[in-house]
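One structure below.
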Amino acid sequence: MHAHVVLMLAATALIGVFVLIVVGVTLLQRRGRLGPPDGQVEFRSYGPILAAACSGGAAAVHLAVVGEHAARTTADAAPSAFALLCSIGAGTAHFTSSGTALAGFLPLGVLSVGSIGAQGALAVPRLWQGRRLLRAGLVVTLAALVIALATRILSPSAAGAPQIAYSDALAIAFDIALLVVVGLLAFGRPARLLERLGLSVIDAWVGTGLGVAAVGVFTVAGYFLAHAAH
């Protein structure tokens, strides 16, 4: 399936999910399940949920690319764990054999697998609460972003192929969004922006639901894009 078709279907699905979220939140609000309608929800209350969603989404998209490499490696006549890790480190390129010329991609492959595990573990909202945990998550996200960019920039891409695939760009977008959210949670600046992000109860629920839904929908799209890219 073509990448543009996947993205159009994802956008259409997100619009449908948004309508369902609005209807669901409105019904819950009318029944008094969401608390006082005139209440205010601070960004620190719903920000960790968005951070966990972005972290899990980035890990899932990267994992889809790794899974494609693993499937192609096991289909080779002589599967090699060394070649698999080098392929992961080289981004969209895939190697069918081992060799000293590929060794330079091995550290990036190992770091990529480690960053996927770390980001996947951070897909829990409670882990984004507390200043120490927030700063640790910020370091992990920065490292994952640098590794992702390095593996794609240094990748020996084929002629006519994009240097950064759609799936990789999606994961990088999740990382950048996560950096913004974590930066606000960890440092509390800019203060004016934090004040504006203090929303009414219904807006907070709709916004958080839409954010999580967007990550979920485009994570699924990233899976199909990863397969289309290979």
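The values are calculated or read from the model by the stated rules, or taken from the named source; none is laboratory data. As the structure is a prediction and not an experimental result, all values here were calculated from the model. As a convention, Cβ positions derive from the backbone with ideal geometry for all residues, glycine included, and neighbour counts pool all protein chains shown.
Structural remarks
- Restricting the search to helices (runs of 4 or more DSSP H) fully inside the stretch 85-200 and requiring at least 1 residues that are under 19 Å from the mean Cα position of the chain (by Cα), at pLDDT 90 or above and surrounded by fewer than 23 Cβ atoms within 10 Å (Cβ to Cβ) gives 106-121, 131-153, 166-187.
- Members of the stretch 13-50 that are hydrophobic (A, V, I, L, M, F, W, C), more than 13 Å from residue 209 (Cα to Cα) and touching a helix residue (DSSP H, G or I) at 6+ places or on another chain (Cβ under 6 Å): 13, 34, 41, 43
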